Amino acid sequence: MNNSEKIIDAFPSSNDFDINKIRADFSILTETVKGNPLVYLDNAATSQKPTQVIEVLDQYYREYNSNIHRGVHSLSQKATDVYESARDKVKNFLNANSTKEIIFVRGATEGINLVAQSFGLSNISEGDEVIITEMEHHSNIVPWQMLCETTGATLKFIPINDAGELIMEEYAQLLSDKTKLVAVSHISNALGTINPIKTIIDKAHAVGAKVLIDGAQAVPHTRVDVQKLDCDFYVFSGHKLFGPTGIGVLYGKHALLESMPPYQGGGDMISMVTMEKTAYNALPHKFEAGTPHIAGVIGLGAAIDYVNAIDFDAAANYENELLDYALSKVDQVEGMNLVGTAKEKTSILSFTLDSIHPHDIGTILDDQGVAIRAGHHCAMPIMERFCIPATARASFAFYNTHAEVDALFDAINQCREVFG
Amino acid sequence: MFDIKDLYQEVIVDHNKNPRNFGKLEDATKTLEGFNPLCGDRLTLYIKTENDQIQDISFDGSGCAISVASASLMTDAMKGKSLEEAERLFDQFHNLITSDDELDLEQMGKLAALAGVREYPARVKCASLCWHTLHSVIEGDATPVSTE
Ligand SMILES: Cc1ncc(COP(=O)(O)O)c(C=O)c1O
């Protein structure tokens, strides 16, 4: 491939999804790595940012940077307005009932920790049970382990089968009136499995348990309707949704958030402080202590505008085409073994290759300009479940192309050559 | 331009496929674990010393080709060395994989096969895990070594 040549997709897409127009929005995609065009297939770790998001961030710092909720001057008013309008965008994006239910946090991780500390410590005690799954990201394991350690509650795991799907019969067995909370990823970052969260939520509610859904991997690929799902909490990170790092969202049902104690104390989360006592601010501000990541929130709003402006369903179809195309090539590579073969799956390809260690695969692919993730994907229990130390993972976004899938497989073949 | 095959030289590929001195050393006088939390590379180093001399040395565990080949080459190079010589080699090896200095590859023997790592900063920890573990053993450290 010519070094400076841009990767243009020669495959006509079944649904007139204009890939070249989309790619023009992501200028980073024209970068080169080690003399080769960048083939960015590490989207599950973080996605790239379109110009539309970068420009909004730039504009905030250049034109109206100021603190929010506290100034009477014009800039502060403008920053506050844009910040709060982003909350409205998130509300609509998740189809929440009210902006009071949208709490800005640092990311999915902080959202989960907030629920574990605030809801968990006040509702979960010795003898109670928290249920998670074997396929969780460490961020949806460790906060619950910490909570259980503090409270004396017990942590239970829904097991998975060899395809990487939750064993729902086992889940039904785990549920009881001791279950206080079920915390499950919408989509697994290590396997790509799409979990049947609606069924999980309904079954948990039937025993009176609350449910947190970790949507970090889901929001870039699927539409989410928290009211239809009826989940109690939903978290995601902005940086996987084409927005900035350091910003994320916790959705919580209004009545639940109302009943929960604050997570952190500080400015903005109060309505009145005397030396003796503090009256807390109303939702959502009760959970947003201190100066927030204002630019991050504004950038997240722009990212949501971006995904709303493209045909999101067409984008999802296109990603599925890429996945199918990649899957059709897997069989042609001797020694390539997929980890995570769920029937319901997003565009995440986790694999092993002969006995070549994923880090060696990662280095050799990088040499061809192909960026993937190699490692345990912050999901060591899954690696344990499949008896492997690590996998290589290629994850696609709607700006990737069939030609990039070809580049991935060329580089994979190169690995086999190096290790002969 | 630097070629990927300069990193994965034949020696490396061979020592990864057939690691030397692999397995537990039953009469080891010291044993220490090393791991790389980022990668999940994990090895145990077994060493038998007498009068400050390395009589025998072996390792087991799992990791990428660079870490396995490095441990294989290191254990080969260490047999019969005094602890002082071992420490000197540790410094030289560190220099080999991290600095921009001109290299006297001759002097490094087979270890020179790992010189390519200096072009891949992300992989330095893989190559040096076994060496840091050895260094800790010599220093008399008993806590497992972590590259983080
Ligand atoms: C499924 C899942 N949950 C949670 C997280 C944590 O997200 P963050 O690090 O942005 O808080 C990730 C990120 O990799 C993830 O993939």
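Among the candidates A:247, A:270, the residue that is out of contact with any Lys or Arg (no Cβ under 6 Å at 6 or more places or on another chain), modelled with pLDDT of 95 or more and closer than 30 Å to residue A:124 by Cα is uniquely A:247. Scanning the range A:171-186 for residues that are within 12 Å of the ligand (Cβ to nearest atom) and not aliphatic (A, V, I, L, M) yields A:185, A:186. Scanning the range A:103-123 for residues that are more than 16 Å from the ligand (Cβ to nearest atom) and either buried (at least 24 other Cβ atoms within 10 Å of the Cβ) or within 14 Å of another protein chain (Cβ to nearest Cβ) (or both) returns A:119, A:120.
Restricting attention to the range A:39-69 and to residues that are open to solvent by 30 Å² or more (accessible area, probe 1.4 Å), part of a loop (DSSP other than H, G, I, E, B) and among the polar types (S, T, N, Q), the residue that is nearest to the ligand (Cβ to nearest atom) turns out to be A:46.
All conditions in (1) β-branched (Val, Ile, Thr); (2) crowded, with 17+ Cβ neighbours inside 10 Å; (3) without any contact (Cβ under 8 Å) to a residue 60 or more places away in the chain hold for residue B:29, with the sole exception of (2). Taking helices (runs of 4 or more DSSP H) as the structural unit, those lying wholly within the range A:187-291 and holding at least 1 residues that are within 13 Å of the ligand (Cβ to nearest atom) correspond to A:197-206. Can you find even one residue in the range A:1-12 that is open to solvent by less than 30 Å² (accessible area, probe 1.4 Å) and modelled with pLDDT under 95? Looking through the range A:1-12, at least one residue is open to solvent by less than 30 Å² (accessible area, probe 1.4 Å) and modelled with pLDDT under 95. All conditions in (1) touching a Lys or Arg at 6+ places or on another chain (Cβ under 7 Å); (2) over 22 Å from residue A:393 (Cα atoms); (3) open to solvent by 40 Å² or more (accessible area, probe 1.4 Å) hold for residue A:157, with the sole exception of (1).
Touching a helix residue (DSSP H, G or I) at 6+ places or on another chain (Cβ under 6 Å) and within 14 Å of another protein chain (Cβ to nearest Cβ): does that describe residue A:360? In short, yes. Restricted to strands (runs of 3 or more DSSP E) entirely inside the range A:330-420, those with at least 1 residues that are open to solvent by less than 30 Å² (accessible area, probe 1.4 Å) and basic (Lys, Arg) are A:391-395. Among the residues of the range A:119-148, those that are of a type outside the set (Asp, Glu) and either outside any helix (DSSP H, G or I) or not assigned by TED's automatic domain parsing to the domain that holds residue A:195 (or both) comprise A:124, A:125, A:127, A:130, A:131, A:132, A:133, A:135, A:137, A:141.
Every residue, every condition in (1) among the acidic types (Asp, Glu); (2) open to solvent by 10 Å² or more (accessible area, probe 1.4 Å); (3) more than 19 Å from residue A:299 (Cβ to Cβ), yes or no:
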residue: A:206; (1), (2), (3): no, yes, yes
residue: A:210; (1), (2), (3): no, yes, yes
residue: A:227; (1), (2), (3): no, yes, yes
residue: A:234; (1), (2), (3): no, no, yes
residue: A:238; (1), (2), (3): no, no, no
residue: A:242; (1), (2), (3): no, no, no
residue: A:250; (1), (2), (3): no, no, no
residue: A:253; (1), (2), (3): no, yes, yes
residue: A:256; (1), (2), (3): no, yes, yes
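Regarding residue A:392, is this residue of a type in the set (A, V, I, L, M), within 12 Å of chain B (Cβ to nearest Cβ), without any contact (Cβ under 8 Å) to a residue 24 or more places away in the chain and within 26 Å of residue A:138 (Cβ to Cβ)? Spelling it out, it is not the case that residue A:392 is of a type in the set (A, V, I, L, M), within 12 Å of chain B (Cβ to nearest Cβ), without any contact (Cβ under 8 Å) to a residue 24 or more places away in the chain and within 26 Å of residue A:138 (Cβ to Cβ). Picking from residues in the range A:71-102 that are open to solvent by less than 50 Å² (accessible area, probe 1.4 Å), hydrophobic (A, V, I, L, M, F, W, C) and outside any helix (DSSP H, G or I), the one that is farthest from the ligand (Cβ to nearest atom) is A:96. Evaluating residue A:160 against the criteria (1) closer than 16 Å to residue A:384 by Cα; (2) more than 16 Å from the ligand (Cβ to nearest atom) leaves one unmet condition, (2).
Table: residues versus (1) crowded, with 22+ Cβ neighbours inside 10 Å; (2) of a type in the set (Ser, Thr, Tyr); (3) more than 13 Å from the chain's Cα centre (by Cα).
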{"site": "B:44", "(1), (2), (3)": "no, yes, no"}
{"site": "B:64", "(1), (2), (3)": "yes, no, no"}
{"site": "B:94", "(1), (2), (3)": "no, no, no"}
{"site": "B:143", "(1), (2), (3)": "no, yes, yes"}
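Which of the residues that make up the range A:314-329 are open to solvent by 20 Å² or more (accessible area, probe 1.4 Å) and in contact (Cβ under 8 Å) with a residue 40 or more places away in the chain? Result: A:316, A:317, A:321, A:325, A:329.
The values are calculated or read from the model by the stated rules, or taken from the named source; none is laboratory data. All figures in this text were calculated on a predicted structure; none of them were measured in a lab. Neighbour counts run over all protein chains shown; Cβ positions are idealised from the backbone, glycine included. Heads up: the accessible areas ignore ligands, DNA and RNA and are worked out on the full protein's heavy atoms, side chains in. Shrake-Rupley method; radii C 1.70, N 1.55, O 1.52, S 1.80 Å.
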